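Single-structure report; data block below.
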Amino acid sequence: MKCDVLIVGGGTGGVAAALALWEKGLTVILTEETDWLGGQFTSQCVPPDEHPWIEQFGSTRRYRQLRERARSVFRSDHHGSLTARADSTTINPGGGWVSRLTAPPECFHKAISHWFESLPPSGRASAPNRVFLHTVPIECSVQEARVDAVKMRDLRSGVENWIEAEFVLDATELGDVLALSETDHVVGAESKHETQEPHALDGQPERENVQAFTWCAAIGFDSVGNHTISKPDQYELWRQFVPPHWTGKLLDLTFPNVRTGEPMTLPVFDDLDTLTLFGYRQILDPSLFLTPIEPVTIMNWPQNDYTMGSVIGTDEETTVRHYEAAKQLTLSVLYWLQTDLGLSGLRLRPDITGTEDGLAKAPYHRESRRIRALETVTELDVSPDCHPGLVVAPNRIDSVGIGAYRIDLHPSANGAKTIDIGALPFQIPLGALVPRTVRNLLPACKNLGTTHVTNGCFRLHPVEWNIGEAAGLLAHFCLARDVSPQKVHENTVLVAEFQQLLSSEGVELAWPQLHPL
């Protein structure tokens, strides 16, 4: 098969890239490992983590359209059973306090599916756009600093096919195409000697210092039922487990404050109007419904962060072992809540996750391989401590989008503790999307040119979407002008023309005047 652009990975960034390219009339092939497009939004069951201005500005136009479409799906799915309050244009279906749009993953799945269905079938009649689910990359053909083709495998049938493309976008959750193509990249945490970052490692780089991943689950609460699951096989292991730098056992409602390390306690429920674990990522709010329903939340908590090993670059047997252990951890947290805390009404909701067991279709990976880019974003670029008096990060003349989130690093696979520090609202530099050598491969999610530290503020939904959309439009721009991304980056006229394209597509390139939070 042949196409203009091959997008490997149908997560948040991959979907954004595909939508942009599809609408520009290019021939696109999009592949995805699961059967749901959307990544964090859908198969990983992670309600969007967003900045406080998201309802007004600070995202691309297509990202705002996704949010509007998801809200529309929620209203449509529950037509006739919602209160008048649900008609608000800023309704939060779950009422969760992590975001202004905590909604069931199926809302995003349907929104994305309907969006693709509404697009023209192809850029050229002879080469239709295609989406291949249950499909993963297994090999790359690289010639003269170009990825000519990627071999893909259908996980159901085992059938393998080469796909040739003028441009390849790596939107996989772990930067798999970077490894298969031997594109120069980084894994894990850098040292201060490399990056001069205040929060980088004092010693040598650590490849295993990769943020924990989480196997999320959807759980409801039936206040009069008993839904206690069978005791998980690894329950005794996790019940006694004490992580490094922790305040005690992992299965406890008291855990380290991510910023200070001091003990803090969050209840599962509370009659008072306080923060709770259940309310953190709640995705169905009973108060929006005319008839009683049970509340539903996503279990993506400090207690089920998996820190027993990274799966980047591991063999299949090791990866399977870590994934099974991560699932066992999540189930063990639930069983502990049901038994030790007496919350037997908590129950898995497979109807929410689209799976048989109520666990997400895929793990939520916070950190990926990262390209060695023409420009690497470091803590020095976005830290308020490095720019006293500023409310937004210094202006970037090659901006391809914007983002805002704290530098939020969860515990790492090698036992390193959390890092949670401030970050100024920032711009995404073009140079961070451009590899140093390979001419037709672009990162389209968390695998752009950041460090381990700044990955912590570049990994969330709006930023990953912006990265993917910018990468897709950069591929379009380069094909239209027959230039490489490297040539665009070094030519100020081409940068300005590309930025005009981005602006016309609804990509915001700079922050408006902000007041300190």
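A short reminder: the numbers here are calculations on the coordinates, not readings from a lab. For clarity, every value in this text was computed on a predicted model and none was experimentally measured. With ideal geometry, Cβ positions are generated from the backbone for all residues, glycine too; neighbour counts draw on all protein chains shown.
Peptides 101-109, 309-317, 494-502 ordered by packing proxy, namely the average of other Cβ atoms within 10 Å per residue, highest first: 101-109, 494-502, 309-317. The protection proxy used here, the mean number of other Cβ atoms lying within 10 Å of each residue, ranks peptides 168-177, 213-222 as follows, highest first: 168-177, 213-222.
For Lys2, the lysines whose Cα comes closer than 16 Å to its Cα, not counting residues fewer than 8 places off in the same chain, are Lys151. Within the stretch 451-517, none of the trypsin sites (Lys or Arg not before Pro) combine a DSSP coil assignment with at most 10 other C-beta atoms in a 10 angstrom radius. Taking amide H as placed 1.01 Å from N in the peptide plane, the amide H of Thr451 sits under 5 Å from that of Val377, each at least 5 places away or on another chain. What are the lysines whose alpha-carbon lies under 19 Å from the alpha-carbon of Lys249, with same-chain residues fewer than 8 places away excluded? Counting by Cα, and skipping residues close in sequence, Lys249 has these lysines nearby: Lys231, Lys327, Lys417.
Kirkwood-type hydrodynamic radius, the stretch 140-299: 21.3 Å, calculated from all non-identical alpha-carbon pairs. The Kirkwood radius of the chain, taken over pairs of alpha-carbon atoms, gives through the Stokes-Einstein law at 37 °C and 0.692 mPa s a diffusion coefficient of 141 µm² s⁻¹. Among the cysteines of the chain, Cys3, Cys107, Cys140, Cys386, Cys445, Cys457, Cys478 have no other cysteine beta carbon within less than 4.7 Å of their own. Rounded to the nearest whole Hz, the Karplus-based 3J(HN,Hα) values (6.51 cos²θ - 1.76 cosθ + 1.60, θ = phi - 60°) of the stretch 37-42 follow the sequence 6, x, x, 3, 5, 10, with x at glycine and proline. The separation of the stretch 321-385 from the stretch 136-193, counted between C-alpha centres, amounts to 24 Å. A cut-off of 5 Å between modelled amide H atoms, ignoring neighbours fewer than 5 places along the same chain, links Asp148 with Ser141, Val142, Gln143. With r as the distance between the Cβ atoms of Glu236 and Phe269 and R0 = 22 Å, compute the FRET efficiency 1/(1 + (r/R0)^6) and round to 0.05. In this case the efficiency is close to 0.25. Subtracting the Cα-Cα distance of Leu155 and Asp87 from 0.36 nm times their residue separation leaves 20.3 nm of extension gain. Across all Cα atoms of the stretch 205-351, the radius of gyration (one decimal) and Dmax (whole number) stand at 16.3, 56 Å. The stretch between Glu294 and Gln56 holds 82.6 nm of extra length on full extension. This uses 0.36 nm per residue minus the Cα-Cα distance.
Looking only at Cα atoms, what is the convex hull volume of the stretch 1-137 per residue, in Å³?
111
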